[in-house]
Amino acid sequence: MTHILGRLPNFKKFKADISDLRSRAEKISRQLSGWADSLKNSDIKGFKFLTEKERESYRRKKELQEFDKEMKDFRSNFSEKLKREENERNQK
């Protein structure tokens, strides 16, 4: 639609606006596609199929995954800090 409008004589003065609109629409389309793919690849069949117990279990599982990731990052950063400090002590 925006391609057609951009070619019409009455819309030539809006060519930059139409191009910007087209670019925004493409970005939104990519975001929606990514979101839809993430839903397709999730463990959840659909929100309406979950019982309250399953929702709680899923939420808890997600929280634990986030916590595990934070702990992994913390351990990695802490290990790097210890190595730097050891190198500094050895250089003295």
Just to be sure, is residue 36 surrounded by 11 or more Cβ atoms within 10 Å (Cβ to Cβ), modelled with pLDDT under 95 and among the hydrophobic types (A, V, I, L, M, F, W, C)?
no
Segment 18-33 residues that are in the same structural domain as residue 3 (by TED's automatic domain parsing), paired with ones that are surrounded by 10 or more Cβ atoms within 10 Å (Cβ to Cβ) and of a type in the set (Phe, Trp, Tyr) (beta carbon under 8 Å, 6 or more apart):
18/11
List pairs: first in segment 48-73 and β-branched (Val, Ile, Thr), second loosely packed, with under 10 Cβ neighbours inside 10 Å, Cβ under 9 Å, 6+ apart or cross-chain?
none
Scan (1) within 17 Å of the chain's Cα centre (by Cα); (2) modelled with pLDDT of 85 or more for the single condition residue 25 breaks and write down its number.
(1)
Taking the stated definitions as given, is residue 88 surrounded by 10 or more Cβ atoms within 10 Å (Cβ to Cβ) and not hydrophobic (A, V, I, L, M, F, W, C)?
no
Counting just the residues of segment 42-56 that are in a loop (DSSP other than H, G, I, E, B) and out of contact with any Phe, Trp or Tyr (no Cβ under 8 Å at 6 or more places or on another chain), which one comes out modelled with the highest pLDDT?
51
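The values are calculated or read from the model by the stated rules, or taken from the named source; none is laboratory data. Just so it is clear, the structure is predicted and the values come from calculations on it, not from any experiment. Neighbour counts are summed over all protein chains in view; Cβ atoms, including those assigned to glycine, are modelled from backbone coordinates with ideal geometry.
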